[in-house]
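Okay, so here's the structure we're looking at.
The values are calculated or read from the model by the stated rules, or taken from the named source; none is laboratory data. Given the structure is predicted, the values throughout are model-derived calculations rather than measurements. Here the Cβ positions follow ideal geometry from the backbone for every residue, glycine too, while neighbour counts run over all protein chains shown. Just the protein is used for accessible areas: all its heavy atoms, side chains included, with ligands, DNA and RNA removed. Shrake-Rupley method; radii C 1.70, N 1.55, O 1.52, S 1.80 Å.
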Amino acid sequence: MIIKKYQAASEAEAIIKAKDDLGADAVIMNVKTVKYKGLRKLFSKNFVEVTAAVDEAGENQERKIIPSAKRPVDESADLAARMRMSDVEQESVDAEQKKGTKTSAIEERLDTLAQMLERQMQDLKEEEEVKEGEDTDQNSKLVKLVFDQLVSNEVTEENAREIMNEIDNHGQTLQLDDLLSSVYQKIVLKLGQMKTIELVEGAPKVVFFIGPTGVGKTTTIAKLASKYKLDEKCRLAIITADTYRIAAVEQIRTYANILSVPIEVVYNAQEMQKAIEKYKDFDLIFIDTAGRSHKNEEQREDVKQLLEAAKDYKQEIYLVVSATTKYRDLVKITQSYSDISKYRLLFTKIDETGTLGNILNIRMLTKEPLSYTTFGQNVPDDMEITDAQFIAKQLLGGSD
């Protein structure tokens, strides 16, 4: 007797698998719908499992049986072995076959085996339901609680589901503290390693700040310039190409004068190239660009030309976006600038929003590294390297 189980999306598909493997004489002994265990059951579809059997004697008449030494191990092998008929029973069957009885020995064996197997399966199923019912109910509630918490902090359902699916409880009952700890670690890992300004010895690092209008690029540049001029003692120059707004030029000029760093105003890529050449012996050159609409192809082309003007120097490009911007718009902005260059993500105005889910969303979407976050207008204080642990705590409803 060979007993095997086959799994598929539907009962019909599973039966076809059984017939293809065991032959037309295969008898379907049991059909059941199987649910995933653990956390995967919340986000994965059920499947159908069919248990089928065929008599080895009958099977050998139609197709060659795999030798027992090479036959794949079947989880029902022990059960089948225990249910094999004794020699006396087999002799009785042979006698009945010789007499030409209507009901064959194979059918009798399968009928008996099916009844026994069904009873055992039903008992096992009831035991599992009783044992897993409480665990499953508790696990489901806890998982949904954390999932809803992430979504309430504007993590997309897709991203929240991805995080929860990666939590493996090994079929054990979840504890809230353990679940929160696991999700916290997953979020920190997905936020990744922060990438910040790296100095190059013996050569200038040209740092571009790009992004849409009104996100705080100029103030962000002032904060970083203060840090590297005052704290790191770098030789630093500022170049601004933001000539669309007169107030922007005056604002950055004021900051530059306070910090005693040189500033240049340029109007095109040719002037940009000359200005960079002028300060090639400096440690850092910060370049402020005009706010560009991600919908304007001509303006995006201007940014490309400015970046091209510095192609002979080590570059870092920071896409400055506001944490208050809607996710749908952030998607369009980041995709638009992805066509221009690789970049690092710099989020501003995190103090102006009660939810930080978009930082995680955009990081997972673009795969680009995070860098700095700003949270106020004070120069140079209201800025820091992005704190993944702080963001994870906020997304899970904790406090810093």
Looking at region 235-263, I want the residues that are surrounded by fewer than 19 Cβ atoms within 10 Å (Cβ to Cβ) and have a partner that is modelled with pLDDT under 85 and assigned to a helix (DSSP H, G or I) with Cβ atoms under 9 Å, at least 6 apart or on another chain. Which pairs are those?
Thr243/Val249
Residue tally, condition part of a loop (DSSP other than H, G, I, E, B) and within 21 Å of Ala160 (Cα to Cα), over region 186-200
2
Residue among Thr366, Thr334, Thr324 that is without any contact (Cβ under 8 Å) to a residue 40 or more places away in the chain, open to solvent by less than 20 Å² (accessible area, probe 1.4 Å), more than 20 Å from Leu284 (Cβ to Cβ) and in contact with a Ser or Thr (Cβ under 6 Å, 6 or more places away or on another chain):
Thr334
Odd one out for Asp329 among (1) open to solvent by 20 Å² or more (accessible area, probe 1.4 Å); (2) out of contact with any Pro (no Cβ under 9 Å at 6 or more places or on another chain); (3) without any contact (Cβ under 8 Å) to a residue 60 or more places away in the chain
(2)
Filter result (among the polar types (S, T, N, Q) and open to solvent by 70 Å² or more (accessible area, probe 1.4 Å)) within region 159-192:
Gln172, Gln175, Gln185
Does Val266 satisfy the criteria of being without any contact (Cβ under 8 Å) to a residue 60 or more places away in the chain and under 17 Å from Thr220 (Cα atoms)?
no
Filter result (hydrophobic (A, V, I, L, M, F, W, C) and either closer than 18 Å to Glu316 by Cβ or touching a strand residue (DSSP E or B) at 6+ places or on another chain (Cβ under 7 Å) (or both)) within region 377-391
Met383, Ile385
Inside region 335-372, can you point out the residues that are within 20 Å of Val206 (Cα to Cα) and polar (S, T, N, Q)?
Ser338, Ser341, Ser371
Can you go through Ile333, Ile285, Ile350, Ile317 and tell me which one is in contact with a His (Cβ under 8 Å, 6 or more places away or on another chain), among the aliphatic types (A, V, I, L, M) and under 24 Å from Ala222 (Cβ atoms)?
Ile333
Test Thr374 against the stated conditions and say whether it is of a type in the set (Val, Ile, Thr), at pLDDT 90 or above and more than 28 Å from Gln315 (Cβ to Cβ).
no
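For Leu396, are the conditions met, namely being at negative phi and open to solvent by less than 20 Å² (accessible area, probe 1.4 Å)? Show your work before the answer.
Numbers: at negative phi: yes; open to solvent by less than 20 Å² (accessible area, probe 1.4 Å): no.
No: the conditions fail for Leu396.
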Starting from region 11-26, keep only residues that are within 13 Å of Ala53 (Cβ to Cβ) and touching a residue at least 24 places away in the same chain (Cβ under 8 Å), then list their pairs with residues that are assigned to a helix (DSSP H, G or I) and open to solvent by 80 Å² or more (accessible area, probe 1.4 Å) whose Cβ atoms are within a distance under 7 Å, requiring at least 6 positions of separation or different chains.
Gly23/Glu62
Matching residues in region 154-185 - criterion: being part of a helix (DSSP H, G or I) and hydrophobic (A, V, I, L, M, F, W, C)
Ala160, Ile163, Met164, Leu176, Leu179, Leu180, Val183
Among the candidates Ile15, Ile28, Ile2, single out the residue that is at pLDDT 85 or above and of a type in the set (A, V, I, L, M).
Ile15
Name the residues in region 264-281 that are buried (at least 19 other Cβ atoms within 10 Å of the Cβ) and assigned to a loop (DSSP other than H, G, I, E, B), would you?
Val266, Tyr279
When both residues are 6+ apart or on different chains and their Cβ atoms are under 6 Å apart, which pairs have a first residue that lies in region 199-219 and is touching a residue at least 24 places away in the same chain (Cβ under 8 Å) and at positive phi, and a second that is among the basic types (Lys, Arg) and surrounded by 21 or more Cβ atoms within 10 Å (Cβ to Cβ)?
Gly211/Lys217
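If a residue has to be open to solvent by 10 Å² or more (accessible area, probe 1.4 Å) and on the phi < 0 side of the Ramachandran plot to count, how many in region 342-357 make the cut? Give the steps one after another, and end with the answer.
To start, the set of residues in region 342-357 that are open to solvent by 10 Å² or more (accessible area, probe 1.4 Å) comprises 342, 344, 349-356.
Pick out the ones that are also on the phi < 0 side of the Ramachandran plot and you get 342, 344, 350-356.
Qualifying residue count, region 342-357: 9.
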